[in-house]
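Novice: Okay, handing you the structure first.
The values are calculated or read from the model by the stated rules, or taken from the named source; none is laboratory data. Keep in mind that this is a model prediction, so the values were computed, not measured. We place every Cβ from the backbone using ideal geometry, glycine too, and count neighbours over all the protein chains shown.
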Amino acid sequence: MENMVMFKRYFNLGPVVYSIALARFISACGAFVPPMLIIILHDKLGISSELIGYIVAAYAIVAMLGSIVSGFLCDRFKTGIIVICSMCVTTTGYLLSAAVSESVYVILTLGLSQLGIGLTYTSTLTLSLKLSKPINRANIVSLNYLCFNLGSAIGPAIAGYLYLEKYEMLYIGSGIAIFVAAITLFTSLYINDALSPIYRNESYKNDQVDVAKEGTLSRYDIIIYSTICFLICFTFATLMFTLPITMNVLFANKGALYFGYLMSLNALCVIMLTPIIVHFSRNISYGSMLLLSPVFYFVSLAVIFLDDSVFLVFIISTVLWSIGEIVYLTYSELFLTDYASEENIGKISSIPTICYQLASVASPLISGYLINFGSSDAPLKISMVFSVLALINLSGFILKKKRIKLGLKCNKGI
């Protein structure tokens, strides 16, 4: 019975919400290129490992710029149209990659697809938030995250086959999948009249929490919160960068196999634990839930240092950091919605995504330097420090905002 109640939270969310979730699932199922990107650059395009690092960093910067631009566009134009156009940019990039053969052109067209990915993620999130109410906002965000991860469990398996047997179909398949997702979403938006300004305003503006009650975010607040998000994201990005290296060092030939097991475990944890976490946290504030993310990241790293020669330790650690990942990706945007109005929800909601993309650029560069001139576990130790700093700063930030809310209530009472 408890299980049914858990999944009832995903019922009656509205047809457009389900079409967004379906579009994310289709896009993730057809995301053949991203998991194979490094191998494509190295083996198919013949690019050196050193240059690949710079290219991947450049792609992350392009995606980050896409997220920034998308946030501004969503606050000025109809969000549904921005989502569809963003998907078309991604589709165009992948199809052009299949059409060209020169390495330089492939790199450029893949960069276009990365721009589209950055545009799409932020605009899709903003559309979901505008269609939500405070009572179901966590359910909608977690549903999108859940559907994306379900698709991500399928896409890489197909990508491996296509890479070996039908290389060009990696690009064509990715482009077609995202185009199908765009058509699916556009059809739902059109049928439900969700492209009109009236629907856009009624769906978010009239149901949002009164910003005056919650207080607003100053530029200083945004800088502090962005720093906190960066510290948390840096920890996650460092794990993703150093974990395969650590597995290879500790377990030799079985390192890659064990790393694959851990990634499968991560996907399983996300699929199974997301509904559970959202269900049992329904009476807990977004800020309090977000505090758990750096805690779980810190504990997961501490577990590794207990005895890194036993694979079971990495299994336990993966479960812990998977929970930290779920909590951050679910509640980092939701926490900001209490301080956002309809006029700036796009820009505000893009902050965690931008911080993640920035961390994806910084972490490999810093971690690679530390590994080359230090030890393989140096980045993980730095990440533990960052987790503690994030926890301390986030605690102070939340307490400050709560004091502001209490002050507003006292003033109203007077």
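Novice: Assigned to a helix (DSSP H, G or I) and modelled with pLDDT of 85 or more, is that true of residue 371?
Specialist: Values: assigned to a helix (DSSP H, G or I): yes; modelled with pLDDT of 85 or more: no.
No: the conditions fail for residue 371.
Novice: Within the set of pairs 6 or more residues apart or between chains, which connect a residue that is among the aliphatic types (A, V, I, L, M) inside region 88-116 to a residue that is not in a helix (DSSP H, G or I) with Cβ atoms less than 7 Å apart?
Specialist: Pairs found: 106/45; 106/100.
Novice: Condition test on residue 313, is it surrounded by fewer than 17 Cβ atoms within 10 Å (Cβ to Cβ) and within 29 Å of residue 157 (Cα to Cα)?
Specialist: Working: surrounded by fewer than 17 Cβ atoms within 10 Å (Cβ to Cβ): yes; within 29 Å of residue 157 (Cα to Cα): yes.
Against the criterion (surrounded by fewer than 17 Cβ atoms within 10 Å (Cβ to Cβ) and within 29 Å of residue 157 (Cα to Cα)), residue 313 qualifies.
Novice: Between 183, 222, 228, which is more than 30 Å from residue 381 (Cβ to Cβ), assigned to a helix (DSSP H, G or I) and at pLDDT 80 or above?
Specialist: On the way: 222 fails: more than 30 Å from residue 381 (Cβ to Cβ); 228 fails: more than 30 Å from residue 381 (Cβ to Cβ).
Testing whether each residue is more than 30 Å from residue 381 (Cβ to Cβ), assigned to a helix (DSSP H, G or I) and at pLDDT 80 or above leaves just 183.
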